[in-house]
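Take a look at the structure set out below.
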Amino acid sequence: MKPPPFDYVAPTDLDEALAALADAGEDARVLAGGQSLIPMLNFRLAAPVKLIDLNRVSELSGIERRPDGGLVLGAMTRHRQLERDATIAEYAPLLAEAAPWIAHAPIRTRGTIGGSIAHADPAAELPALLLLLGASVRVARAARDGEAPGRVERTLPLDDFCFGPFFTALEADEVITRIDIPPCGPLEGTAFEEFARRRGDYAIAGAASRMILDEDGTCLHAAVSLINAGPAPALVAGVEEPLVGRPPTEDRLAEAADVASAGCDPAPDMHGSEAYRRHLVRVLVLRTLARAARRAAAGRTPGIETEDG
Amino acid sequence: MLRVEDARLLTGRAPFIDDIEPAGTLHVAFVRSDMPHAKIRSLDISRAADHAGVSAVVTAEDLGDLCRPGPVLVPPPPIDGAIFNARTALPLAREVVRHQGEAVVAIVAESRYVAEDAAALVDLDLEPLDAVADLDRALDADAPLVHEDLGSNLAAHVRQTKGDYAAARAHADVVIGRTFRYDRGVSAAIENRGVIADWDGRDGRLTVWDTTQAPIPVRNALAALLGLPESCVRVVAPFIGGGFGPKIMFYAEELIIPWLSMRLGRPVKWIEDRYENFFATTQERGQTHESELALDAEGRILGVRDVFLHDTGAYDPYGLTVPINSQCTLLGPYRVPAYESEFRVAFTNKPVVTPVRGAGRQHGVFVMERLLDFGARELGLDPVEIRARNLLGPDEFPHDHEILYQDSAPLTYDSGNYRPSLEEAARRIGFAGFDGERAAAAAEGRCIGLGIVNYVEGTGIGPYEGARVTVEPGGTVSVVTGVGTQGQGHFTTFAQVVGAQIGVDPGKIRVVTGDTSEFHWGTGTFASRGAVVAGSALHAAALSVREKILQHASRALEVDPEDLVLEDGEARVRGAPDVRIGLGELASRANPLRGAVQPGTEPGLEAAAYFGPARGTTANGVHALVVEVDDETSDVTILRYVVVHDCGTVINPMIVEGQIHGGVALGIGNAFYEELLFDEFAGAGNASFMDYLLPTATDVPAIETAHLETPSPLNPLGTKGVGEAGAIPVAAAFAQAVEDALRENAPGLEIVDIPLSPGKLFALRNPADGGEDS
């Protein structure tokens, strides 16, 4: 369990990093937190010729609130920051609620939001959560041959970014630089819950729900995103149908949970059958939708609390 | 008293194997089979041998005469009609590999990194053979053969009986018959194995540091195999991060690394990594039982019949210890007039099975306790009542079960007082009021349940251990014994045993274990025997030293020995404590530089002694727990855990509790988390700690313990072993509690397979597997 030989650079400047990546091409890998890459190296499942360490690139860190109320998260934002940052707790409480469930505390101090999205593990929390929040991904690369010199950037909505298990729209010379999250409204509620064998494990199944109500308690928007219940994060089709335009009663929430359970695509594995996973999806979607509805109704989205009225 | 070794352990000053690295050390990586069963079609090491930084690449051919099957470490007991087919592994595989992880090539290089780079360059061409993966079909006539020369996969067949089960069954009011399965796991010590060898060619001495529980047998084996005098081989077992049984073996690496050091004239080091550990270190579990319990109308046991299959993996180097433990421990603390027990051991293409903490005892306990639960349900008795009706009484000891135990001695319980253990556990867990507690929880929509089970543990078996106690002229007391230590607190308990006899604070006694240059008689740490056997040898040596101290002090202080007391490192006159002499001063006087000594006397204040018990001593206990089952997710949380334990005289209560806590954690892993999953070709699919689930601190509850003390008559300290006790009955108690929690929501649920998991519990409740809810 020792990695194969590789070259290593640790630039402090993003353009330097992009140039190094462009230079090394497909044989290079970008090292963010190392949450997944380092184990893959030690198992010799990955054998890059060069590692480009982004940990010293200061341009990639930081959490900011835009004037419109949305958030900008640097790609090297650690999971631990999502868990503890006051701005996140106030304006993206879903991330603050879910972050403590990402792996273990020592891993959260290393693992990054950009790394998680780039790795695109269907069992990871962040891609599914960011999708539910309508986030977009900003990526950058160095100019290619024939292009004007400088940095080339593009922005993709998250559902155009994660395609399948460990498969994204990121090109070999591109690096994720930041994540943009649109603002949330006062009558919006979100909730997260996952089921894992042990605290810190990848979830057997997880669900995040989001609901927006009007002043009368009528549901304006309902969405559910699932973790480890399909090849890539996707919003569950059809959950809004029993809910939107009506108050979210218990029966309608249950109907939406049934839709999610029937519509997801979990694979059986060592932790349980497909039937068990569908069952868990129903349980978790029902729990999170109900909680999101209560939070929306209360006109607040408390982040850290997970058991509230 | 606190553990004296903890200061060193907690501040990182205790040497573990990977801390040791003599100058010029070379490092080894092994190329291992990634197939469970295959023919070696070809093997080309040339590219690896040419790789920069590689010193040697070694195959079976290079080992010459050493490439012969390893020893059978424990001969099977002399049971009438028993069949035992010994098949052990070559140090490096030749022609055929029989389990995943079997070593084929050893690569020596300047670093482990380079050795692994070179390992990737070995061209090992394996042709897959049909593999034996399913224990239940391993003995079928058309099963592939693990050992072709044997003609079948039967490793052993043993039948032991007591009384007339058929007659008992004919008179029974209730007969409970079930099939039970208890699957495999690994021991998962924090520290993997490691071996470092340093051959000094100038004076022909070999030093080996080895994560072994048995340094003396390893030294003796190495001397014999490498053609060296035993006195020229030193094996040191440093601090070890957990033994749990698999480190009692003699593995191929323990031979190859010293041989490489002798061949290359350099120190050579191999540290097992976690992935290797999942295949190359021995494992446990894997039994299928067809069992029957015959009861009368009052729930009294008339007889038990148990026929089981045991998976030994690809080889059987540890004889029959594990299945015999299952066979014998099944009887538990109960009066069982008739017992018919038969087992077959099967070879499979899985890693080798040898004892792991509990060593098969948990399987027997699981079968018996589950049968009693189902019997109680049938008769309308509660779980405590059916057990209480069958316990052996305090006047029934010694109790002869009329079969042979793993140590070849008759299975005879030396002593015990079982009912108080059961009553104390029932009281502490709140058994009497639990119906109300369960109903109150149900009213809140919560499912809680209680489990309570008995177990016994045969501990402290022979053959013997030895020890030497020395009072040095500076007053230091040094104690040495041959057993290895892997975290059990030996440095404390052994010092306490000696200190109690010679009046020295245990914190001031220097204990050395597991270094053959300090002591070379003994067998090792296994079968919960350290305190019982080595402890008794230390006690005897300390008594001899005490006699010598008293004689010399009597002469020095001119008083009768009877008038002396030993305390605070001094001999003092009773009633006149100012008249005294230090033990160091006495040691100096006992070793004069000039002058005459009495003929027949020995110099110094030193004695060695040995202790060999007639047979093992039987400890007992009760585990009780309360669980909550999440009716929606099928997850199980342990709310309370109580262990009432009787290991005879307790030397150090904190250490006994620590042993129990660790054992319970392991048992919780066995019951609900750990399972090594093999595919239909015997390949393991979850060989990492990401997928092989060990219980963590958040999964193990606070454990309440209580000690009862029924001293053993078989040793002077009155102690019984405790090392494995915590691990043995957990699965049985857990299964009972989960069923109890779901008595309303899933009536009739029966848990007969271990380990359980939320997914399996869901499947049990939804047998069609298509239904969303039961």
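The values are calculated or read from the model by the stated rules, or taken from the named source; none is laboratory data. Bear in mind the structure is a predicted one, so any value in this text is a computation, not a measurement. No Cβ is skipped: glycine too gets one built from the backbone with ideal geometry, and neighbour counts run over all protein chains shown. For the accessible areas, the whole protein counts, side chains as well, though only heavy atoms, and no ligand, DNA or RNA atoms are used. Shrake-Rupley method; radii C 1.70, N 1.55, O 1.52, S 1.80 Å.
For region B:683-702, how many residues meet the condition of being more than 10 Å from chain A (Cβ to nearest Cβ) and either of a type in the set (Lys, Arg) or open to solvent by less than 30 Å² (accessible area, probe 1.4 Å) (or both)?
4
Can you find a residue that is open to solvent by 20 Å² or more (accessible area, probe 1.4 Å) and away from chain A (no Cβ under 14 Å) anywhere in region B:107-123?
Yes, some residue in region B:107-123 is open to solvent by 20 Å² or more (accessible area, probe 1.4 Å) and away from chain A (no Cβ under 14 Å).
Here is a yes/no grid of residues against (1) modelled with pLDDT of 95 or more; (2) over 24 Å from residue B:356 (Cα atoms); (3) of a type outside the set (A, V, I, L, M, F, W, C):
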| position | (1), (2), (3) |
| --- | --- |
| B:691 | no, no, yes |
| B:708 | yes, yes, no |
| B:713 | yes, yes, yes |
| B:737 | yes, yes, no |
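Condition check: away from chain A (no Cβ under 14 Å) and modelled with pLDDT of 95 or more. Does residue B:290 satisfy that?
Numbers: away from chain A (no Cβ under 14 Å): yes; modelled with pLDDT of 95 or more: yes.
So residue B:290 passes the test.
From B:492, B:470, B:525, which residue is hydroxyl-bearing (Ser, Thr, Tyr) and part of a loop (DSSP other than H, G, I, E, B)? Can you show your working first?
Working: B:492 fails: part of a loop (DSSP other than H, G, I, E, B); B:470 fails: part of a loop (DSSP other than H, G, I, E, B).
On inspection, the qualifying residue turns out to be B:525.
Being open to solvent by 30 Å² or more (accessible area, probe 1.4 Å) and without any contact (Cβ under 8 Å) to a residue 40 or more places away in the chain is the filter here, so list the residues in region B:54-81 that pass it.
Result: B:61, B:62, B:64, B:65, B:68, B:69, B:80.
Tell me whether region B:593-601 contains one or more residues that are within 26 Å of residue B:466 (Cα to Cα) and either touching a residue at least 60 places away in the same chain (Cβ under 8 Å) or in the same structural domain as residue B:494 (by TED's automatic domain parsing) (or both).
To start, the set of residues in region B:593-601 that are within 26 Å of residue B:466 (Cα to Cα) comprises B:600-601.
Remaining after also requiring either touching a residue at least 60 places away in the same chain (Cβ under 8 Å) or in the same structural domain as residue B:494 (by TED's automatic domain parsing) (or both): B:600-601.
Yes; the residues of region B:593-601 include at least one that is within 26 Å of residue B:466 (Cα to Cα) and either touching a residue at least 60 places away in the same chain (Cβ under 8 Å) or in the same structural domain as residue B:494 (by TED's automatic domain parsing) (or both).
Any idea which of (1) closer than 30 Å to residue B:730 by Cβ; (2) open to solvent by 10 Å² or more (accessible area, probe 1.4 Å) is the one residue B:453 doesn't satisfy?
(2)
Which of the residues spanning region B:650-682 are under 29 Å from residue B:493 (Cα atoms), among the small types (Gly, Ala, Ser) and within 14 Å of another protein chain (Cβ to nearest Cβ)? Lay out the reasoning, then the answer.
Within region B:650-682, the subset under 29 Å from residue B:493 (Cα atoms) is B:650-670.
Next cut, among the small types (Gly, Ala, Ser) only: B:658, B:662-663, B:665, B:667, B:669.
Result: B:665, B:669.
Of everything in region B:263-318, what is of a type in the set (A, V, I, L, M, F, W, C) and in a helix (DSSP H, G or I)? Give them in sequence order. Can you show your working first?
Keep residues of region B:263-318 that are of a type in the set (A, V, I, L, M, F, W, C), which gives B:264, B:268, B:270-271, B:278-280, B:293-295, B:297, B:301-302, B:304, B:307-309, B:314.
Matches in region B:263-318: B:264, B:278, B:279, B:280.
If the requirement is being surrounded by 17 or more Cβ atoms within 10 Å (Cβ to Cβ), modelled with pLDDT of 95 or more and assigned to a strand (DSSP E or B), which of these qualifies: B:550, B:586, B:566?
Values: B:550 fails: assigned to a strand (DSSP E or B); B:586 fails: assigned to a strand (DSSP E or B).
Sole residue among the options that is surrounded by 17 or more Cβ atoms within 10 Å (Cβ to Cβ), modelled with pLDDT of 95 or more and assigned to a strand (DSSP E or B): B:566.
Go through (1) in contact with a strand residue (DSSP E or B) (Cβ under 8 Å, 6 or more places away or on another chain); (2) within 30 Å of residue B:759 (Cβ to Cβ); (3) small (Gly, Ala, Ser) and name the single condition residue B:662 misses.
With (1) in contact with a strand residue (DSSP E or B) (Cβ under 8 Å, 6 or more places away or on another chain); (2) within 30 Å of residue B:759 (Cβ to Cβ); (3) small (Gly, Ala, Ser) applied to residue B:662, the lone miss is (1).
Please pick out the residue among B:607, B:541 that is among the hydrophobic types (A, V, I, L, M, F, W, C), assigned to a strand (DSSP E or B) and crowded, with 18+ Cβ neighbours inside 10 Å. It would help to see each step written out before you state the result.
On the way: B:541 fails: assigned to a strand (DSSP E or B).
On inspection, the qualifying residue turns out to be B:607.
Which one is most open to solvent (accessible area, probe 1.4 Å), of the residues in region B:355-386 that are assigned to a helix (DSSP H, G or I) and without any contact (Cβ under 8 Å) to a residue 60 or more places away in the chain?
B:377
Could you say which residue among A:139, A:175, A:152 is modelled with pLDDT of 95 or more, open to solvent by 40 Å² or more (accessible area, probe 1.4 Å) and farther than 25 Å from residue B:693 by Cβ?
Numbers: A:139 fails: open to solvent by 40 Å² or more (accessible area, probe 1.4 Å); A:175 fails: open to solvent by 40 Å² or more (accessible area, probe 1.4 Å).
Checking each option against the conditions leaves just A:152.
Please work out if residue A:123 is in contact with a strand residue (DSSP E or B) (Cβ under 9 Å, 6 or more places away or on another chain), more than 20 Å from residue A:185 (Cα to Cα) and of a type in the set (A, V, I, L, M, F, W, C).
Working: in contact with a strand residue (DSSP E or B) (Cβ under 9 Å, 6 or more places away or on another chain): yes; more than 20 Å from residue A:185 (Cα to Cα): yes; of a type in the set (A, V, I, L, M, F, W, C): yes.
For residue A:123, the condition - in contact with a strand residue (DSSP E or B) (Cβ under 9 Å, 6 or more places away or on another chain), more than 20 Å from residue A:185 (Cα to Cα) and of a type in the set (A, V, I, L, M, F, W, C) - is met.
With respect to the numbered conditions (1) assigned to a loop (DSSP other than H, G, I, E, B); (2) under 30 Å from residue B:449 (Cα atoms); (3) of a type outside the set (A, V, I, L, M), which one is the sole condition not fulfilled by residue B:637?
(1)
Could you go through region A:299-307 and let me know if any residue there is within 11 Å of chain B (Cβ to nearest Cβ), surrounded by 16 or more Cβ atoms within 10 Å (Cβ to Cβ), part of a loop (DSSP other than H, G, I, E, B) and at pLDDT below 95. Spell out the reasoning first.
We begin by selecting, within region A:299-307, every residue within 11 Å of chain B (Cβ to nearest Cβ); these are none.
Taking every residue of region A:299-307 in turn, none turns out to be within 11 Å of chain B (Cβ to nearest Cβ), surrounded by 16 or more Cβ atoms within 10 Å (Cβ to Cβ), part of a loop (DSSP other than H, G, I, E, B) and at pLDDT below 95.
Where residues in region A:178-197 are aliphatic (A, V, I, L, M) and in contact with an Asp or Glu (Cβ under 8 Å, 6 or more places away or on another chain), which of them is least open to solvent (accessible area, probe 1.4 Å)? It would help to see each step written out before you state the result.
Filtering region A:178-197 down to residues aliphatic (A, V, I, L, M) leaves A:179, A:181, A:187, A:191, A:196.
Then drop every residue that is not in contact with an Asp or Glu (Cβ under 8 Å, 6 or more places away or on another chain), which leaves A:187, A:191.
Numbers: A:187: 40, A:191: 0 Å².
Among them, the one singled out is A:191.
Out of all the residues in region B:187-220, which are surrounded by fewer than 20 Cβ atoms within 10 Å (Cβ to Cβ), aliphatic (A, V, I, L, M) and farther than 17 Å from residue B:485 by Cβ?
Correct list: empty.
Determine which single condition residue B:619 fails, assuming it passes every other condition in (1) open to solvent by 10 Å² or more (accessible area, probe 1.4 Å); (2) within 30 Å of residue B:407 (Cβ to Cβ).
(1)
In region B:370-401, which residue that is within 25 Å of the chain's Cα centre (by Cα) and of a type in the set (D, E, K, R) is nearest to residue B:328 (Cα to Cα)?
Per the criteria, the residue is B:400.
When region A:176-230 is examined, which residues are found to be out of contact with any Ser or Thr (no Cβ under 8 Å at 6 or more places or on another chain), more than 14 Å from chain B (Cβ to nearest Cβ) and not in a strand (DSSP E or B)?
Listed by number, the residues that qualify are A:182, A:183, A:185, A:186, A:187, A:214, A:215, A:216, A:217, A:218, A:229, A:230.
If a residue has to be open to solvent by less than 60 Å² (accessible area, probe 1.4 Å), touching a strand residue (DSSP E or B) at 6+ places or on another chain (Cβ under 6 Å) and closer than 25 Å to residue B:92 by Cα to count, how many in region B:3-42 make the cut?
Qualifying residue count, region B:3-42: 13.
Condition check ((1) modelled with pLDDT under 95; (2) within 14 Å of chain B (Cβ to nearest Cβ); (3) under 25 Å from residue B:764 (Cα atoms); (4) over 21 Å from the mean Cα position of the chain (by Cα)) across all residues:
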site	(1), (2), (3), (4)
A:233	yes, no, no, no
A:248	no, no, no, yes
A:256	no, no, no, yes
A:271	yes, yes, yes, yes
A:290	no, yes, no, yes
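For region B:331-348, check the following and say yes or no: at least one residue is over 30 Å from residue B:682 (Cα atoms) and without any contact (Cβ under 8 Å) to a residue 24 or more places away in the chain.
First, pick out the residues of region B:331-348 that are over 30 Å from residue B:682 (Cα atoms): B:331-340.
Among the residues that remain, those that are also without any contact (Cβ under 8 Å) to a residue 24 or more places away in the chain are: none.
No: region B:331-348 contains no residue that is over 30 Å from residue B:682 (Cα atoms) and without any contact (Cβ under 8 Å) to a residue 24 or more places away in the chain.
When only residues in region B:703-718 that are under 22 Å from residue B:658 (Cβ atoms), assigned to a loop (DSSP other than H, G, I, E, B) and open to solvent by 50 Å² or more (accessible area, probe 1.4 Å) count, which is nearest to the other protein chains (Cβ to nearest Cβ)?
Residue satisfying both the conditions and the ranking: B:709.
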